[in-house]
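**Student:** Right, I'll just put the structure down here and ask away after.
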Amino acid sequence: MRMEMFSEVVAIFRRWNTKLLRQPIFLFFSLIQPLVWFLLFTQAFSAIGSIQTPQFSFASLTGTSSYITFFTAAVIIQTIASSALQAGIGIVNDLDSGFMDKMRVAPIRKSAILFGKLFSDAISTIIQVVIILVIGLALGVHIASGILGALMILFIAATFGIAWSGISLFVALTTKSSQTTLSIGLLTTFPLLFLSASVMPLQLLPSWVQQVAKVNPFTYIAQAFQNLVIKGFIWDSIGYAFIAILIIGVISLGASILVFRKKIS
Amino acid sequence: MDNIIVVENLSKTYGKDIVAVDGISFQVHKGEIFGFLGPNGAGKSTTIKILTTLLEKTSGKASIDGLDIDADQAKVRRIIGYCSQEVGVDDDLTARENLMLQCSFHHIPKEKARSKVNELLQKVRLTEAADRRLKTFSGGMRKRLDLASSLVSDPEVLFLDEPTTGLDPQSRQDVWEYVKQLNKQGMTIFLTTQYMEEADRLADRLCIVDQGKIVAEGKPNELKTTVGADKITLSFKVGDVGACEKAAKALSNLQGVEEVGKCVMGLTTEEGLTIMAKNGSAVVTQIVRALDGAGVEPEQLKLTVPTLDEVFLKLTGKTLNVIERKEAVRGGRRGMRS
């Protein structure tokens, strides 16, 4: 039984990887988008690095006075969130094309259909994050935690990507509309990013935003990334990131599988 | 006759008051082609989706080869194949990749899968196009691949939901041929269609459905005889005065003839005769002989047998005739059949 489940996931996983590699446009955009983010935001907001308030300075709070170094985490999170959208879109496409029915009639597990897709999306997330890190290095970002830290960043990115994809899967399976899936994804990404500690250290945010940021999972993922880039392995923040990933993952993926198991037309 | 599909009182209601399938019961015999003929919205797809475990029924019972579609869902999936109306193939993959993927869904070992795929590609004449991505395929090629992909597991029952809707005439013929071949090898086939010609040609037995209900069931020929007799139309040369009367007299007592009536022929105002008979083709020779005996020479003789469309018309008061789309489903290029 376990072996069958494994081979089902592998079959679906390989299908999506093949599809991914046959879209050269994807690789192009995964190169362009972080570049745009890096250049636009860090150029426009480079002065943030030298912020000094009566209580804090940006440098003392974050450990760096380079905004681009700090901002690397935000670029990664933004990329994960937009790539997580793809999970839902892919599922809706399969529902529309009739391919989903073909899979559902075959003797394979529903969860294999979802996890095969999620693991393939994790691969594309890893590719994209590697690209971001390379661009970051080229722009002068130094990763304090070294190569092992970079691997940790990739691991957090992949697992967070899988958990976050669950939300888009859930929306896709309940609405069966790629429009809705796309809109909800795009509409939530930006507010969540700016209402977290991704673009600005927590202490420099207005107090109401701080309250929101403290319950916003993006904050914990961002802080883990920021620490790995700026300071090195700070295990507390890595631990918080994984707790956030676990909570989101269990809820979003659990709900998706439940919806998917019900027979849909 | 063994029944392989048994459906009892099956219903499907969407929301509160949209009844898609309204308490239908029927049996499909092992090894036959069973047709479900009806217009759009008759409940054909809903029925096929319930039987293929894709859709939850509202009430009733259904089993395939003795397996309950709910309780034994997993086992049912192992013995059925399904081709949806939408053509469930992946356009980013090649034909071979699509089939290999289906094999892995059915847990067929790699080596066996490879030879199976080659065999299927040959069967549906896609060997040359096997390693091309589906983006370049015509509608007919995609449908043939779809058909092949539902055969990887050698299903006992194959469900085809409107297998030729949107196909060009040649592709339609191809699909009919494959379906017949598969059936000859012993596969039971359940197909839905809105084309009476398709049902007539393929189905051993069929149900005519309308608004979620079965309005008639039987062999195509049986159903056609229920609407009445064959019609023979005779016309006579212009100016052949009295020919019509003479002929009517000679034919009215002929054995097998049920009714002789006068009619006005086409564009001319000349009179002709319509003769209703139970077994038209057998009666025709007698008619010719009788006319000869009476010294009347007909100009034209036409035999029309009733179609399933007339059956449908009689039962529902509507006509089945659909305006057929000429182009293939996805605007695939024509003339690319290999």
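**Student:** Using Cβ contacts closer than 10 Å as the measure, can you line up A:S252, B:S281 from fewest to most? Mind showing how you got there, number by number?
**Tutor:** Details: A:S252 21, B:S281 11.
Listed from fewest to most nearby Cβ atoms, that is B:S281, A:S252.
**Student:** Next question. Do the alpha carbons of any pairs in A:K176/B:K135; A:K102/B:K75; A:K19/B:K116; A:K117/B:K123; B:K30/B:K135 sit beyond 26 Å of each other, and which pairs?
**Tutor:** Among A:K176/B:K135; A:K102/B:K75; A:K19/B:K116; A:K117/B:K123; B:K30/B:K135, the Cα-Cα distance tops 26 Å for A:K117/B:K123; B:K30/B:K135.
**Student:** Could you work out [θ]222 nm for the protein assembly as shown from helices alone, using -39500 (n - 2.57) per DSSP H run of at least four and dividing by all its residues? Round to the nearest 500 deg cm²/dmol.
**Tutor:** Result for the protein assembly as shown, helices only: -17500 deg cm²/dmol.
**Student:** Hey, another quick one. Provide the three semi-axes, in whole Å and in decreasing order, of the ellipsoid equivalent to the stretch B:20-149 as defined by the square roots of 5 times the Cα gyration tensor eigenvalues.
**Tutor:** Those come to 30, 18, 13 Å.
**Student:** Starting from the alpha-carbon convex hull of the stretch B:229-305, give the projected area averaged over all orientations, in nm².
**Tutor:** The Cα convex hull of the stretch B:229-305, projected and averaged over all directions, gives 4.4 nm².
**Student:** Output the peptides B:101-107, A:205-211 sorted from most to least packed, where packing is the average of other Cβ atoms within 10 Å over each peptide's residues.
**Tutor:** Values: B:101-107: 22.1, A:205-211: 12.4.
Averaged packing, sorted descending, gives the order B:101-107, A:205-211.
**Student:** Evaluate E = 1/(1 + (r/R0)^6) for A:L151 and A:L202, where r is the Cβ-Cβ distance and R0 equals 22 Å; express this FRET efficiency to the nearest 0.05.
**Tutor:** Approximately 0.25, to the nearest 0.05.
**Student:** While we're here: If you project the alpha carbons of the protein assembly as shown onto the principal axes, what extent comes out on each, in Å, largest first?
**Tutor:** 122, 51, 50
**Student:** Looking only at chain B, where both bridge partners belong to it, what percent of the DSSP beta bridges are antiparallel (to the nearest 5)?
**Tutor:** About 70 percent, rounded to the nearest 5.
**Student:** While we're looking at this one, here's another question. With +1 on each Lys and Arg Cβ and -1 on each Asp and Glu Cβ, and nothing else charged, work out how big the dipole of the stretch B:204-296 is about its Cα centre, in Debye to the nearest 20.
**Tutor:** 100
**Student:** Give the average, rounded to an integer, of partner chain Cβ atoms located within 10 angstrom of each Cβ in B:83-96.
**Tutor:** 5
**Student:** Continuing with this model, one more query. Given points 7 Å out from each Cα along the Cα-Cβ axis, report the B:R132 to B:S281 separation in nanometres with one decimal.
**Tutor:** Between B:R132 and B:S281, the simple spin-label model gives 4.1 nm.
**Student:** Identify the residues of the stretch B:198-214 with backbone N under 20 Å of a label point that sits 7 angstrom from the Cα of B:T304 along the Cα-to-Cβ direction, or state none.
**Tutor:** Hits in the stretch B:198-214 for B:T304 at 20 Å: B:198, B:200-201.
**Student:** Another one. Hey, what angle do you get for helix A:146-175 against the long axis of chain A, alpha-carbon based, 0 to 90 degrees rounded to 10?
**Tutor:** Once rounded, one gets 50 degrees.
Laboratory data are not the source of any read-out in this text; all were calculated from the coordinates shown. Bear in mind that the values here come from a model prediction, so they are computed numbers and not experimental data. For neighbour counting, all protein chains shown are included, and Cβ atoms are generated from backbone atoms with ideal geometry for every residue, glycine included.
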